[in-house]
1. Any residue in the stretch 118-126 that is more than 36 Å from the chain's Cα centre (by Cα) and under 27 Å from Tyr161 (Cβ atoms)?
2. Can you tell me which residues in the stretch 446-459 are under 29 Å from the mean Cα position of the chain (by Cα) and at pLDDT below 85?
3. Modelled with pLDDT under 80 and either among the polar types (S, T, N, Q) or at positive phi (or both): which single residue out of Asn103, Asn56, Asn66, Asn2 fits that description?
4. Report yes if some residue within the stretch 418-440 is surrounded by fewer than 14 Cβ atoms within 10 Å (Cβ to Cβ), closer than 28 Å to Gln489 by Cα and assigned by TED's automatic domain parsing to the domain that holds Asn509; otherwise report no.
5. Would you pick out the residues in the stretch 317-353 that are closer than 17 Å to Ile374 by Cα and β-branched (Val, Ile, Thr)?
6. Of Gly114, Gly155, Gly77, Gly96, which residue is touching a strand residue (DSSP E or B) at 6+ places or on another chain (Cβ under 6 Å), touching a residue at least 40 places away in the same chain (Cβ under 8 Å) and at positive phi?
7. Which of the residues spanning the stretch 413-436 are part of a helix (DSSP H, G or I) and either aliphatic (A, V, I, L, M) or free of Cβ contacts under 8 Å to residues at least 24 places away in the same chain (or both)?
8. Can you tell me which residue in the stretch 139-150 is surrounded by the fewest Cβ atoms within 10 Å (Cβ to Cβ), limited to those that are of a type in the set (D, E, K, R) and not in a strand (DSSP E or B)?
Amino acid sequence: MNRATKTIPVKSILVKSIRAKTIGVKTIATLSLLSLAVINSSTAMANDSFWYGGANIGQSTATIDNAKIRAQLQAGGLTTSSLSNDDSDLSYKIFGGYQVNKNFAVEAGYFNLGKFGYTATTVPAGSLTGKIKLQGLNIDAVGMLPFAEKFSAFGRIGAQYAQARDTFTGTGAVIVTDPNSGKSSINYKAGVGLQYDFNRSLGMRAEIERHRINDAIGSTGDFNTYSMGLVYRFGQHATPARKVSRSVANAAAAPIRVIVPLAVKTQKYCSILDIEFEVKQDEIQREEKEKLAVVGTFMKKYPNTTALIEGHSDNVGTSEFNLKLSQKRADSVVSYLVNELKIASSRLSAVGYGETRPVADNDTQEGRQANRRINAVIACATDIADLKVLPARITMAMEMEFDPFKAEVEPEYREDLRHVANFMKANPSVTATVEGHDGKSVGVGSEKMIIAPELAMAISQRRAQSVVNYLVDHFGVARARLTAEAFGQTRLVAYSTTLEGQQENRRVNIIFNYKAR
């Protein structure tokens with residue numbers, strides 16, 4: 001038979017109709033993620049907003065309806081003797097978006113799903129080849145759900161404007177009367193995926209997406225894509241990872257009184273101690289016992305905290321004598337905390353460093369006095385509400401780090417600063433000193449840049465004032481209760497020979513001050 005056969009455009013032949021099952025498992029998962037994101041976004045940080053862009057590449061697949069192809073050929077008086085399918089192809093997409101907060105984004109882009117097709121041979125002798133090419137534009141609502149430090153799950157649902165181009169070729173007994181046709185239409189798309197962040201600016205995505213697309217003569221079907229890609233966040237600098245802990249053995253021997261950084265990333269506030277001794281003495285003076293009472297109060301309120309008591313000395317005398325003296329000083333503090341303040345000895349440890357870690361110049365009397373000291377490094381607690389302590393200037397410290405030459409408050413510190421504001425509002429007698437600091441250099445090797453002391457002082461002042469302004473403008477803390485102080489390069493906490501050390505020196509400390517009763 002040489003009957004003319006007008007094929008139904010390839011979309012209706014290629015893809016099994018899902019119609020009643022269109023909202024499938026992937027779509028339900030997408031809606032669930034979006035719902036969770038909307039719930040969480042009410043507490044998301046407003047300053048987590050930024051623009052981003054990226055690209056994915058992967059594979060797209062379609063289910064070709066062979067039975068329908070055979071039925072259509074049979075309706076034209078032809079019997080199908082063989083049928084081969086081309087049901088997958090390379091796909092890619094290019095996208096850009098705006099992250100409204102850490103849980104919600106709006107994303108738009110271009111996608112190309114590739115080409116699909118089939119070839120059927122018939123009796124009487126002939127063949128029919130059908131192909132479809134798919135591409136389009138989309139806009140999606142994307143819900144993000146972070147579940148680890150660097151991992152997030154996300155779901156998307158949105159609209160797409162898709163263009164389908166169908167072509168058909170017949171030979172022998174198969175005559176195609178409409179070889180080329182096209183269709184552009186609006187329909188839905190949905191997807192789910194995982195994202196891993198290498199750093200604050202660059203991440204990697206793995207995604208599964210479903211595109212609902214109309215073909216050139218009114219048939220509708222679904223195409224799935226499986227892809228991986230990269231996403232880049234504009235304005236989110238890829239600074240070195242901030243340390244979540246610091247070993248006392250690696251602490252910098254810089255001429256400063258160290259404000260101890262956070263013990264672990266999930267903990268926010270630390271209590272520190274600084275006690276000085278008379279020459280060659282290890283006895284605690286009466287006025288210093290009040291500072292120890294602050295430590296005792298802190299550790300009783302937070303029974304899971306521990307403390308490392310560090311003893312130090314000046315360089316007068318032999319190194320061996322000074323090492324033993326510093327150990328005695330540390331031991332005397334531990335004994336006082338155990339015997340007088342009833343802190344369990346298992347929570348305390350003492351170590352003497354002798355003259356190896358000076359914080360001031362041993363050539364002056366004042367410097368030697370500063371070096372005859374005790375520091376207590378006390379594990380941080382996550383909650384400072386309702387803590388009542390005896391008067392002392394330094395009771396708790398919070399540390400923030402900055403990018404080189406920058407003074408803007410990073411979004412990651414917003415919740416920390418909210419806790420600071422809540423604590424100050426709950427304790428109206430407490431004031432806070434915001435201390436700004438900077439390092440001596442940026443970069444290493446041939447790219448190393450030395451920072452002038454005057455510039456470092458100006459940058460540290462801007463950092464301190466930026467934090468003060470943030471607390472006032474965003475959380476309503478009275479400006480009269482906040483003081484900004486600049487220290488420039490005078491209180492380094494790490495050596496400047498590494499990028500990590502330079503990062504630690506670019507910081508702001510918030511020190512809470514208690515009025516005497």
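1. Yes, the stretch 118-126 has at least one match.
2. Glu447, Lys448 - these are the residues of the stretch 446-459 that are under 29 Å from the mean Cα position of the chain (by Cα) and at pLDDT below 85.
3. The match here is Asn2.
4. no
5. Within the stretch 317-353, Val333, Val334, Val338, Val351 meet the criteria.
6. None of the others qualify; the one that does is Gly114.
7. Once the filter is applied, which keeps residues that are part of a helix (DSSP H, G or I) and either aliphatic (A, V, I, L, M) or free of Cβ contacts under 8 Å to residues at least 24 places away in the same chain (or both), the stretch 413-436 yields Tyr413, Leu417, Val420, Ala421, Met424, Ala426.
8. Taking the candidates together, the pick is Glu149.
The values are calculated or read from the model by the stated rules, or taken from the named source; none is laboratory data. Being a predicted model, the structure only gives us computed values, none of them experimental. Cβ atoms come from the backbone with ideal geometry, glycine included; neighbour counts cover every protein chain shown.
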